[in-house]
1. Could you tell me what fraction of 2.2 N^0.38 Å the Cα radius of gyration of segment 301-436 comes to, as a two-decimal ratio?
2. Please arrange 330, 224 by accessible surface area, largest first, computed with a 1.4 Å probe and ligands excluded.
3. For the chain, set up a Gaussian network in which alpha carbons nearer than 10 Å are linked by springs, and say which option among 87, 54, 341 fluctuates the most.
4. Quick check: pseudo-label points 7 Å beyond the Cα along Cα→Cβ at residue 164 and residue 131, how many nm apart are they?
5. Specify the inter-centroid distance of segment 285-347 and segment 391-413, based on alpha-carbon positions, in whole Å.
6. Using a 10 angstrom cutoff on alpha carbons, build the Gaussian network for the chain and name the most mobile of 323, 36, 342.
7. Taking the DSSP beta bridges in the chain as the whole, what percent of them are antiparallel, to the nearest 5?
8. Using the beta-carbon distance between residue 434 and residue 211 and R0 = 51 Å, what value does 1/(1 + (r/R0)^6) give for FRET efficiency, to the nearest 0.05?
Amino acid sequence: MRHFAIVGSGPAGFYTAEALEKAYGGQARIDILDRYPVPYGLIRFGVAPDHQSLKAVSKRYDKVAESAGVNFIGNVSVGRDVSVGELLDLYDAVILAIGAPHDRKLGIPGEDLPGVVGSAAFVGWYNGHPDFADLDPPLGGTHAAVIGNGNVALDCARILSKTQHEFEGSDIVGHALEALDRSAIRTITILGRRGPHQIAMTPKELGELGHLEATSPVVDASDFPPLEGDGSLEPGQRKSVTILREFAATPPDPARPKRMVFDFFAKPLAIEGAGKAEKIIVERTELDEKGAARGTGETYEVPASLIVSCIGYSTPPIEGVAYDERGGKFLNEGGRIADRLYAVGWARRGPTGTIGTNRPDGYEVADRIASEMPSGSAGNRPGAEGLKQLLESRGVMPTDYDDWRKIEETEVGRARPGSPREKFVRHEDWLGTLGR
Ligand code: NAP
C-alpha cells in the first residue's frame, strides 16, 4: 500500500487525487490536507460568486472525496501544525497543491495606503474567506479603479457594478452583499498598461459586461489598432477584441447610471491621498518593439477611493522547499521539486490557466509518481495513522469528510431564498458548527 499526502484541496489537489486513485486502483491511500475545515480552495474562495456554473465543477471533486482511497483531512496547516519534512517521513510522496493565494505587489509609492487592496483580499472578502472577513473595503466614494487586464480584474469590476437583483442565485456572502448595496461607486476605471490586443480577458467574461443591469462599459475607439490587425490574433483573443470594439461603438446607456471605463495604455506610477487613497497617478504608455509597455512621459490622474490591484498572485514559500522568487512558485522540473516531493497547479506553474488546466497538470504529475513508484510496489510508511498520532500529540484536531458535510449542510440550511448557500466567514464559526 502506498500513502500519499496532497497539501491543498483546490482543483489542482483534487485532480491529482483523482489521477492517483486511477493509477493505483485500491493500492493507495490518498490524504488531501487543508488548513480550513472545508475543502475546494479556489472554487470556494476565488471563483466569482455569480459564476455558479464554474463552481459546479466541485461535484466532480465530491465524487473523488467519496471514493474509498481518498480522505479529506481539514483544519491542519502545513508549516505550522506539521512540516513538509515530517509529511515526507510519514508518506511515500507529498504533493504541494497550495495554489497562489498571495497578491503580487505593484511596487509603486502609495500602494500601502488605506483603500488599496489586492484582488486576493477583495475576492476573499466577497467570497467568505476568513482572512478577509474584516477587510471592509471603502465603498463610500463615487470612483473605484481596478488595475490589471486579466479575468480577475473583470471579476472585481463586475462585482462592483452589479445590483442586488443581479446577485440572486449567487453565493456572495451577506456582509459583502449589504456593503455593495450601500456602495456609492458610479465609475469603475479598469487600468491596463498595454492595449486592447494585449488583454488577458476571455470572451465569455467580457461579453457579460454588455448585459449588466445598471452599468455600461465604456471603451475608447481610438485605443484600437487598425481593424486588419485583428486578423493575426488567435481566435479567442480576436473574439475578445471584437467585443471590446462593439462596446466602443455603443454609446453608454443613459438608463444605466454606472460606468465601467476601460483605460488602456495606462500605467500606474503612484497612489496619492491624504492618509488614504484618493487618486492614481497614471502614465500614458505605448508599445515598444517587443510589445511591452513603454512610458511616454505624459501623466494624468484617475480619481479612486477604492483601488483593487489585480496583477497576479504568488505561492507562499515553505521553509526547506526550493522556491522560485521570480516566478512566485516552487522550483520544480515537470512538477518534481525533490525526491518524493512534487508540486501541482499554480504552485507548480504560476498563476495562469483556467480550472480545467489543472486536470492534465495533476494527471501528468500523478503519472510521474506512478512511474517512479509503480503500483504494487511496497511502501512502508504509516500515512494517515502516523499523521493522526502526530497531530494528537500536538493538540491539533483535524476535521474529516463528515465534519465538512455537516458544515456544508448547516450553510445550505442558512441560505437566503434564491441563494445556494449562506457561507460561514470565520474559522471559529466552522468549528462552532462542529461543537468545538
Ligand atoms: P492574468 O491573466 O495574468 O492578468 C494579469 C494582468 O495584470 C495582466 O493584464 C497584466 O498586464 C497586468 N499586470 C501585471 N503586472 C502589472 C503591473 N505591475 N502594473 C499594471 N498591470 C500589471 O492574471 P489574473 O487576472 O490574476 O488571472 C489569473 C488566471 O486565472 C488567469 O489564467 C485567468 O484567466 C484565470 N481566471 C479565469 C476566470 C474565468 O475563467 N472566469 C476568472 C478569473 C481568473 P500585462 O499583460 O501587461 O503583463
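The values are calculated or read from the model by the stated rules, or taken from the named source; none is laboratory data. No experiment lies behind these values; they were computed from the predicted model shown. Glycine gets a Cβ as well: all are built from the backbone with ideal geometry, and neighbour counts include every protein chain shown. The area values use the complete protein model at the heavy-atom level, side chains included, leaving out ligands, DNA and RNA. Shrake-Rupley method; radii C 1.70, N 1.55, O 1.52, S 1.80 Å.
1. Numbers: Rg = 20.4 Å, N = 136, 2.2 N^0.38 = 14.2 Å.
Cα-based Rg divided by the globular estimate yields 1.43.
2. Largest to smallest exposure gives the sequence 224, 330.
3. 54
4. Going by the 7 Å Cα→Cβ label model, 3.2 nm.
5. For segment 285-347 versus segment 391-413, the Cα centre distance is 34 Å.
6. Fluctuation is largest for 323.
7. On the way: 22 of 63 bridges.
Antiparallel: roughly 35 percent of the beta bridges in the chain.
8. 0.80
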